1. Can I get the semi-axes of the range 6-163's equivalent ellipsoid? Compute them from the C-alpha gyration tensor as square roots of 5 times the eigenvalues, in angstrom, largest first.
2. First obtain the Kirkwood hydrodynamic radius of the range 64-118 from its Cα pairs, then insert it into the Stokes-Einstein equation at 4 °C and 1.567 mPa s, and state the resulting D in µm² per second as a whole number.
3. Suppose each label sits 7 Å from its Cα in the direction of the beta carbon; what would the Gln43-Ala107 distance come out to in nanometres?
4. Can you tell me the FRET efficiency between Ser67 and Leu29 if r is taken as the Cβ-Cβ distance and R0 is 45 Å, rounded to the nearest 0.05?
5. With a 10 Å radius around each residue's Cβ, average the other Cβ atoms per peptide and rank 19-26, 101-108, highest first.
6. Hey, fewest Cβ within 10 Å first, where do Glu68, Glu156 land in order?
7. Classify the range 18-104 as rounded, prolate or oblate from the Cα gyration tensor: take a ≥ b ≥ c as the square roots of its eigenvalues, call it rounded if a/c is under 1.5, otherwise prolate when a/b beats b/c and oblate if not.
Amino acid sequence: MSSLSGGYGFQGPSTQNNRIPKGYSYGQLNNYTPQQQQLSNQQFGYVGPESYLSKLAGGDQSQFAQSEAPALRQFSEMQGNIASRFSGMGSGARNSSGFQNTQNSAASNFSQQLQSQRMGYRNQAMQDLMSMSNRILGQKQYDQFLTEKSKPWWQEAATGLGQGLSQGASKLGLSSFFG
């Protein structure tokens, strides 16, 4: 399909954001093939407000859940190992301050690592969004142009007649009468 036909060719006048001088028509020519248009639309979906990247960059907690699930399982296992280690030390060891301190320290370290990882994901998502947005918005989908409107036949005839009379008068030396 040619880029000058169908829904991908000239668009009607769009004076919404453009000021068109009198005597001119506005037009735009789509630079994309239908496949390129489809890809462009798909790319906008990747950076839209409901996209994974946008939600991740915005700190949406649900977006972190999937990536954090393995770390949470490992932390639970680690807590179980700590409890087993203190249980092996004899009765009352799990009630000791040493056990509480070890559990608190592990939880604090885990929390800090998780927060650091979240911030890294968020920062990377923001950078990716900016990069993709700039790439998408930097593409020139349409060429816009103005064309001079053609004059009605009678106006063209009157202009031609006037020019003919002026030329004829100059040849006859009557230019001072029409000058």
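What follows is calculated from the coordinates using simple rules that are stated; it is not laboratory data. From a predicted model like this one, the values you see are computed outputs, not experimental measurements. Glycine gets a Cβ as well: all are built from the backbone with ideal geometry, and neighbour counts include every protein chain shown.
1. Numbers: eigenvalues 999, 33, 16 Å².
Semi-axes, largest first: 71, 13, 9 Å.
2. Working: Rh = 12.1 Å.
For these conditions, the coefficient is 107 µm²/s.
3. Between Gln43 and Ala107, the simple spin-label model gives 4.8 nm.
4. Details: r = 44 Å, r/R0 = 0.99.
For Ser67 and Leu29, the calculated efficiency is 0.50.
5. Values: 19-26: 10.6, 101-108: 12.8.
Final packing ranking: 101-108, 19-26.
6. Numbers: Glu68 16, Glu156 11.
Ascending number of Cβ neighbours within 10 Å: Glu156, Glu68.
7. Numbers: a/c = 11.32, a/b = 4.51, b/c = 2.51.
Here the range 18-104 falls in the prolate category.
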